[in-house]
Amino acid sequence: VAPGHIYDEKGFCTGCGIYNVLEPTLVKIDGVWNYFENGVKTDATTLVKYSGKWFYVEDGIWISRTTLVKYKDKWFYVKGGKWDSKVEDLVKYEGKWFYIKSGKWTTSSKTLFNKNGSWFYINKGKWDSDAKCIFKYNGKNFYISGGKWKSTTNTLFKKDGKYYAIKSGKWYKGKNIIKYNGKKYYVNDGYAQTKFSGKVTISGKKYTVKKGII
């Protein structure tokens, strides 16, 4: 405590603006929560732990805002001005969608995330709305188009000169027929058999195939 200063019951000196606690803390002054470091009010934008919870401070004042904030080289998602370590969500920040897990954003995240019934493809911690690929998740190969996975998708996906067979939104390796661009293709072993011509039996029915088309 500085000599000659008069502090109230909370340890705040209204005359000099100094708080007698050196650790980072919040002090309520005239109904506003102010951020103090080393006993002095600052204009920092950061996270501060107070009464066992983490609060978001902007320009030295706690505000009830929802945003992402960088703290000690990590990105934290705060909602209503507080950080919740249990949050898992897809949130929009500066025009992009970020995948939050355990209340944090990380560039290493690569997964599928279900939000409001839709499955989003997360690449490097963000929703990649342009993605068109086959992504292995939980041991299965999912077809991603427009950054999303849909269980109703039946199509062919061209990559590296091959046509991958997609059935019910997944890479399909069985023998079947898939309609694509108005034509029926014979698929087997995961691909449209575009070089095959001959007769095949599928589900007990015989078909004539010419260059993969029935």
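The values are calculated or read from the model by the stated rules, or taken from the named source; none is laboratory data. In this text, all values refer to a predicted model and were calculated from it rather than measured experimentally. Cβ coordinates were reconstructed from backbone atoms using ideal geometry, including for glycine residues, and neighbour counts include every protein chain displayed. Keep in mind that these areas ignore ligands, DNA and RNA; they rest on the heavy atoms of the full protein, side chains included. Shrake-Rupley method; radii C 1.70, N 1.55, O 1.52, S 1.80 Å.
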Pair list, Cβ < 8 Å and 6+ apart or interchain, from segment 155-178 residues that are among the hydroxyl-bearing types (Ser, Thr, Tyr) to residues that are part of a loop (DSSP other than H, G, I, E, B) and open to solvent by 60 Å² or more (accessible area, probe 1.4 Å): SER168/SER151; SER168/THR152; SER168/ASN154
Residues (under 16 Å from the mean Cα position of the chain (by Cα) and either within 11 Å of GLY103 (Cβ to Cβ) or open to solvent by 40 Å² or more (accessible area, probe 1.4 Å) (or both)) located in segment 79-90: LYS79, ASP84, SER85, LYS86, VAL87, GLU88, ASP89
Complete set of residues in segment 177-214 that are open to solvent by less than 20 Å² (accessible area, probe 1.4 Å) and either closer than 19 Å to ASP160 by Cβ or among the acidic types (Asp, Glu) (or both): ILE178, VAL187, GLY190, ALA192, GLY212
Residue within segment 125-134 that is over 27 Å from TYR93 (Cβ atoms), open to solvent by less than 70 Å² (accessible area, probe 1.4 Å) and outside any strand (DSSP E or B) present: no
Unique residue being modelled with pLDDT of 65 or more, open to solvent by 50 Å² or more (accessible area, probe 1.4 Å), out of contact with any Ser or Thr (no Cβ under 6 Å at 6 or more places or on another chain) and not polar (S, T, N, Q) when the list is VAL40, VAL1: VAL40
Residue list for segment 53-78, filter: open to solvent by less than 90 Å² (accessible area, probe 1.4 Å), under 17 Å from GLU37 (Cα atoms) and more than 20 Å from the chain's Cα centre (by Cα): TRP54, PHE55, TYR56, VAL57, GLU58, GLY60, ILE61, TRP62
Residues that are assigned to a strand (DSSP E or B), open to solvent by 20 Å² or more (accessible area, probe 1.4 Å) and not aromatic (Phe, Trp, Tyr), drawn from segment 146-158: LYS148, THR155, LYS158
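In the set TYR163, TYR143, which member is modelled with pLDDT of 95 or more, assigned to a strand (DSSP E or B) and open to solvent by 50 Å² or more (accessible area, probe 1.4 Å)?
TYR163
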